[in-house]
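Below is one structure, written out as structure tokens, with a few remarks after it.
The values are calculated or read from the model by the stated rules, or taken from the named source; none is laboratory data. Just so we're clear, the structure is a prediction, and the values are computed from it rather than from any experiment. Here the Cβ positions follow ideal geometry from the backbone for every residue, glycine too, while neighbour counts run over all protein chains shown. Please note that ligands, DNA and RNA were not included when accessible areas were found on the heavy atoms of the full protein model with its side chains. Shrake-Rupley method; radii C 1.70, N 1.55, O 1.52, S 1.80 Å.
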Amino acid sequence: MHRTQDTHTWGDGGLVPIGLPADHGSMTSNDTRRAAHPYVGMWVTADGFIRQELLPNGRYDEARGNRQSAYTGRYTVTGNHIDYVDDTGFTATGDIRDGVLFHEHLVLYREGNKHAGQGGT
């Protein structure tokens, strides 16, 4: 019998199988903090209008212009692919290629990248 690999979400810097809460509560003194997934952090369009933060607990928070938290939800990572489910149930996908996040029709760069928020591509 062949079993496929389960998709995972990043919670508290570690892998968590889908279906389990990504937030495991506060750490105790006996816990060891693991390094966050490399995709965690702020991603920004070239014009700076859209800012998407991938949080280490498997949630995301996306701002658009002056509208903070315009979209929020959870995400899962499988290889270089990201699946999003916002808090209303809407789904979207993204892929990381050469350090760039291609999220549906958007192109986002790591905050601090020379292309991020500069008004050009």
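Counting charges near Tyr84 (Lys, Arg +1; Asp, Glu -1) among other residues having Cβ under 11 Å from its Cβ returns a value of -3. Accessible surface area normalised per residue over segment 36-97 is 49 Å², counting heavy atoms of protein chains with a 1.4 Å rolling probe. Binning the alpha carbon pair distances of segment 40-121 at 10 angstrom intervals from zero yields the distribution 19, 57, 23, 1, expressed in whole percent. Computed extension length for Asp95-Arg64: 9.1 nm, one decimal, from 0.36 nm per residue of separation with the Cα-Cα distance subtracted. Sparse packing (at most 15 other Cβ atoms within 10 Å of the Cβ) combined with a DSSP loop state is found for the following chymotrypsin sites (Phe, Trp or Tyr not before Pro) in segment 62-112: Phe90.
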